[in-house]
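Below is one structure; the comments refer to it alone.
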Amino acid sequence: MDFFVLTLAIPLVSGLLLALAGERAWAPNLNVIASLSTFLAAVLLTAEIVASGPRFVFGETFFIDSLNVFFVALTAFVGLTTSIFSGPYMRNEREHGKLSLPRLRLYKSMFQLFMFTMLVALTTNNLGILWVAMEAATLTTVLLVSLYRTAASLEAAWKYFILCGVGIAQALFGTILLYFAAERVLGQSGDALLWTHLASVKGQLDPTIMALSFIFLLVGYGTKVGLVPLHNWLPDAHAEGPTPVSAVLSGLLLNVALYAILRCKVLADGAIPGGFASNLMMGFGLLTLLVASFFLSRQKDVKRMFAYSSIEHMGLITFAFGMGGAVANFAGLLHMTMHSLTKSAIFFAVGHAAQKTGTQVMEDIRGLIKINPVIGWGLMLGTLAILGMPPFGVFASEFMILTHAMKHHPWATPILLLALGVAFAAIFGKVQPMVFGETHAKRLPHAPAITPVFVHLAIVLLFGLYIPPYLTRWFHEAARMLG
Amino acid sequence: MNADMPLSAQLINLFASVILLLAFAMLAQRRVLTLINLFALQGLTLCLSTLVVAFTTGQAHLYWSAALTLLLKALLLPWILHQLVRKLNVKSEIEALINIPATMLVGIVLVMVAFNVALPISELSQTITRGTLGIALAVVLLAFLMMITRQKAITQVVGFLSMENGLFLAATSATYGMPMVVELGIALDVLIGAIILGVFFFQIREQFDSLDIRHLEKLKER
């Protein structure tokens, strides 16, 4: 049995099944089992690719190499932990009267379909299909963002749909231009949008068209990554949607969009002399990092604040890939992994905390350590991890990015340090009283699933202390692919 | 533009100009139903121009995409929009944020920008349709302008779909259309998007008793 086919088929089939079957008693279990099987298939696929190198599936339709198999494994893993987390979380929401049964059904089936679209986007070899899958990923999550049907959530979903729709339309124009450039070299055929074909002739692509195309692609997919000034949808969608959705949007969707940019950057770098694509990404990255970090201190809603923190980290990662080269690419990939794991863990902890206290306003959440020490410590440790405190993996990747910047782009270092410092002050200052302040809270009918928080944090901690050699090899391999 | 241009190229340029003209007409339109009809007309023109390109170049897959355009952009989507307007009792007047003449002037500037951006690329293209790339970009920008300056959710959606028309025109004009599988995927996305929007309209209306997006401006940085 082909593990790749399983990785894609399980979320698709289970998504349709969950939609058809309706909200039964076994639906949450099916959701978890499907995510677990997807994850197992992804792990086996990864093992296969690491052992025997890149390969095509179904002719040249899909292409799996060490770069995207790494994202596939990460996506499947966070998908699994989120489905475990969402079981009790959604049951609590149901009993608080916030969600009806049909909406739970919508949530589960859309969640699986969302996983499917992301996995297609990651593994397809065709840049046109990549666009289609990215747009489909937006479509599957729009109704999830508005799941509570409150005025604010409808507004957030509307903004998300329109802004990402417009953004992704720019990316389509970029794709058309790319096809136009490719067609002059590869001829009129369906092959001219296949990434592997494009990569083999990237030196011959016309630099003028490629430059314009990359700008459109960066702006288009950048809207989904949350790059400033196109980030407006992101905090709203994260704050108003259900917490499991915030966790996968932050932990996975942003990564997938960034992956799309990386694939295009490889082509643009080959076609355009003088580091045009790199400079553009460095500029956007720094701007994003700086603006987001200053917005952090003004936030009152806890999920909104962590959404801004996601924007900030995406900026840092974009900057790292903009610098390019083996070390910076390695650091960028590591930081993406660490951010995914840490940020989704934080959202899990925040979700439970918000349920316990019945609010997302930070000033009203106090003394988590007394209400539930496990959630309190989960949030505290997660926050320390995301702020780049030493034993955790985020420190390792941020340290690599900083030292690389000091060596090759010293002008950027003060900006990086300023932004990271401001972010630290803002987030730590707000989370500390949430965890250690005086309290008033209620009991939840369903015990929260807190394991995912600590599983994620344990991995992040492990990466900070010791990265297993086979993982290092794998990261190096992927970083080398990016040039 | 030289006189010995083949008839087909002239036809394509004509259709492209009509599409641009319709984009301006949509920008100036005050009534929702007429706006939807103009959008349908734009889809029809797009289909005709695709047919001419298909006939001239003998690209078989372009016939399919012309058929797809006709079905989706000229018939199905306008029909869905008409149904929505009827079921939701949308008031027929459109309120614009900027008055219409000012919007038109901004539109003219956008067209000039689009032509300038597209110029270096058009020169590189060998297709008979290369002149229309600038027009396509102009249609995209005009649709974008419409989305920014209008207050009704439904007008924003028509703007969004009209942007898709511009992109499609760009695809046929620069490259004789994208590969079939991609085009099918795009059509599917547009269709699902329209359906989700329909669902969404009902949710918005249920919540606010209106489709005015002024209600959707509460989430701001304070």
Considering each residue of the range A:178-197, count those that are in contact (Cβ under 8 Å) with a residue 12 or more places away in the chain, farther than 16 Å from A:ASN125 by Cα, more than 7 Å from chain B (Cβ to nearest Cβ) and not basic (Lys, Arg), and give that number. 2
Report yes if some residue within the range A:91-102 is within 14 Å of chain B (Cβ to nearest Cβ), part of a helix (DSSP H, G or I) and either surrounded by 22 or more Cβ atoms within 10 Å (Cβ to Cβ) or in contact with an Asp or Glu (Cβ under 8 Å, 6 or more places away or on another chain) (or both); otherwise report no. yes
Do you know which of the residues in the range A:225-273 that are under 13 Å from the mean Cα position of the chain (by Cα) and within 14 Å of chain B (Cβ to nearest Cβ) is nearest to A:ALA151 (Cα to Cα)? A:HIS238
Checking B:ALA114 against (1) in a helix (DSSP H, G or I); (2) at pLDDT below 85; (3) in contact with a helix residue (DSSP H, G or I) (Cβ under 7 Å, 6 or more places away or on another chain), which single condition isn't satisfied? (2)
Between B:GLN42, B:GLN29, B:GLN10, which is out of contact with any His (no Cβ under 6 Å at 6 or more places or on another chain) and over 23 Å from B:ALA143 (Cβ atoms)? B:GLN10
(1) farther than 30 Å from A:ILE49 by Cα; (2) in contact (Cβ under 8 Å) with a residue 60 or more places away in the chain: which one isn't true of A:LEU465, the others all being true? (1)
Condition first: away from every other protein chain (no Cβ under 14 Å) and out of contact with any strand residue (DSSP E or B) (no Cβ under 8 Å at 6 or more places or on another chain). Can you find one or more residues in the range A:206-214 that meet it? no
Condition met for A:VAL327 (surrounded by fewer than 24 Cβ atoms within 10 Å (Cβ to Cβ) and either on the phi > 0 side of the Ramachandran plot or more than 17 Å from the chain's Cα centre (by Cα) (or both)): yes
If A:THR208 satisfies all but one of (1) surrounded by fewer than 24 Cβ atoms within 10 Å (Cβ to Cβ); (2) in a helix (DSSP H, G or I); (3) in contact (Cβ under 8 Å) with a residue 40 or more places away in the chain, what's the number of the condition it fails? (3)
Using the structure shown, decide if A:VAL132 is under 19 Å from A:ASN255 (Cα atoms), facing another protein chain (nearest Cβ under 7 Å), in contact with a Gly (Cβ under 6 Å, 6 or more places away or on another chain) and outside any loop (DSSP other than H, G, I, E, B). yes
Search result, residues across the range B:192-219 that are modelled with pLDDT of 75 or more, more than 9 Å from chain A (Cβ to nearest Cβ) and buried (at least 16 other Cβ atoms within 10 Å of the Cβ): B:ALA194, B:GLY198, B:PHE201, B:ARG205
Does A:THR223 satisfy the condition of being surrounded by 24 or more Cβ atoms within 10 Å (Cβ to Cβ) and of a type in the set (Val, Ile, Thr)? yes
Looking at the structure I just gave you, is B:LEU21 touching a helix residue (DSSP H, G or I) at 6+ places or on another chain (Cβ under 8 Å) and at pLDDT 85 or above? no
Filter pass, B:LEU33 being within 25 Å of B:LEU133 (Cα to Cα) and either modelled with pLDDT under 90 or surrounded by 19 or more Cβ atoms within 10 Å (Cβ to Cβ) (or both): no
Within the range A:152-205, work out how many residues are more than 30 Å from B:LYS218 (Cβ to Cβ) and of a type outside the set (D, E, K, R). 30
Under 6 Å between Cβ atoms, which residue pairs at least 6 apart in sequence (or on different chains) link something in the range A:299-315 that is under 21 Å from A:GLY283 (Cβ atoms) with a partner that is of a type in the set (Lys, Arg) and part of a helix (DSSP H, G or I)? A:SER310/A:LYS343
Out of the residues in the range A:140-152 that are part of a helix (DSSP H, G or I) and at pLDDT below 90, which is farthest from the chain's Cα centre (by Cα)? A:ALA151
Filter result for the condition that a residue is assigned to a helix (DSSP H, G or I), free of Cβ contacts under 8 Å to residues at least 12 places away in the same chain and out of contact with any strand residue (DSSP E or B) (no Cβ under 6 Å at 6 or more places or on another chain), over A:PHE399, A:PHE319: A:PHE399
Filter the range B:126-177 for residues that are small (Gly, Ala, Ser), more than 11 Å from chain A (Cβ to nearest Cβ) and part of a helix (DSSP H, G or I); the one that is farthest from the chain's Cα centre (by Cα) is B:GLY134
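The values are calculated or read from the model by the stated rules, or taken from the named source; none is laboratory data. These figures come from a predicted structure and were not determined experimentally. In this analysis, Cβ positions are derived from the backbone assuming ideal geometry, glycine residues included, and neighbour counts consider all displayed protein chains.
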